[in-house]
């Protein structure tokens, strides 16, 4: 009975992690550019007890009995499919229409400014003296090609996006300024480190993973096959499938309930044994 309780408790702990993942997906149902997580389970260590060799009875099942110690969360993978595009008709809203393409944003890290990657394309203008900077919803600078923050001589009245990620800023006097939105394609996105619901960064342990940054990221320059796919006046919605997440949540809750009941029954059996003694 003690082993039964241990097996059930081990599985319940892992199921709780899966419930947390599903809850996080549901909480980001309306987050622009959010990519859902999907969990998979595998069996933990088990012991094999073979049948008595003298037992010659024909069997359709494998010989022996396998005692496991529960299930564990094997891995968590990101769903990289593109979400539904939501038109906004705002000239500083941009949606990436191809999967695995990301805008570059400069954030303040522990070691100084660093580049992170996001598909959340609702940008704004932030005054900086006699210039204006293009920033995201959190105030982080949007990077252009070359890794530098995008700024314009203000004030700017309108923006136009052209092929290849070229952003044209138009002033009231008719003059135009040009900037290039930096867009990066993730070749191996599952190696990226998730910083928040919509932001990712290159992992710090590239040497341990035996890869280089060039193996993971490709900068899209707008030439040839490296063409950014950007739509102005729209935002990419979350790719969370509400129906699927609710179905998974019900299944996980039923599994948790089943294992919880297993602990209760094992406890009752231990009580019966103690009373007999």
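The values are calculated or read from the model by the stated rules, or taken from the named source; none is laboratory data. Everything numeric here is computed off the predicted structure, so don't read it as measured data. Cβ atoms come from the backbone with ideal geometry, glycine included; neighbour counts cover every protein chain shown.
Against the definition (touching a residue at least 40 places away in the same chain (Cβ under 8 Å) and assigned by TED's automatic domain parsing to the domain that holds residue 227), how does residue 102 come out, yes or no? Answer is yes for this residue.
Exactly one residue out of 6, 11 is assigned to a helix (DSSP H, G or I), in contact with a helix residue (DSSP H, G or I) (Cβ under 9 Å, 6 or more places away or on another chain), closer than 15 Å to residue 71 by Cβ and modelled with pLDDT under 90: that is 11. Residues in region 145-161 that are under 20 Å from residue 233 (Cα atoms) and either touching a helix residue (DSSP H, G or I) at 6+ places or on another chain (Cβ under 9 Å) or assigned to a loop (DSSP other than H, G, I, E, B) (or both): 150, 156, 157. Checked against the criteria, residue 76 counts as modelled with pLDDT of 80 or more, in contact with a helix residue (DSSP H, G or I) (Cβ under 8 Å, 6 or more places away or on another chain) and exposed (fewer than 15 other Cβ atoms within 10 Å of the Cβ). Give the residues of region 4-37 that are over 24 Å from residue 192 (Cα atoms) and in contact with a strand residue (DSSP E or B) (Cβ under 7 Å, 6 or more places away or on another chain), sorted by residue number. Of everything in region 4-37, those that are over 24 Å from residue 192 (Cα atoms) and in contact with a strand residue (DSSP E or B) (Cβ under 7 Å, 6 or more places away or on another chain) turn out to be 7, 11. Considering only residues in region 84-123 that are farther than 17 Å from residue 228 by Cβ and surrounded by 19 or more Cβ atoms within 10 Å (Cβ to Cβ), the one that is farthest from the chain's Cα centre (by Cα) turns out to be 106.
Annotation: residue 81 fulfils all but one of (1) out of contact with any strand residue (DSSP E or B) (no Cβ under 7 Å at 6 or more places or on another chain); (2) in a strand (DSSP E or B); the unmet one is (2).
Just one of (1) outside the structural domain of residue 166 (by TED's automatic domain parsing); (2) in a loop (DSSP other than H, G, I, E, B); (3) under 17 Å from the mean Cα position of the chain (by Cα) fails for residue 56. It is (3).
When region 133-156 is filtered for residues that are in contact with a strand residue (DSSP E or B) (Cβ under 6 Å, 6 or more places away or on another chain) and more than 29 Å from residue 30 (Cα to Cα), the ones remaining, listed by number, are 145, 151, 152, 153, 154, 156. Would you confirm whether or not region 55-70 contains a residue that is surrounded by 14 or more Cβ atoms within 10 Å (Cβ to Cβ), modelled with pLDDT of 75 or more and touching a helix residue (DSSP H, G or I) at 6+ places or on another chain (Cβ under 9 Å)? The answer is yes; a qualifying residue exists.
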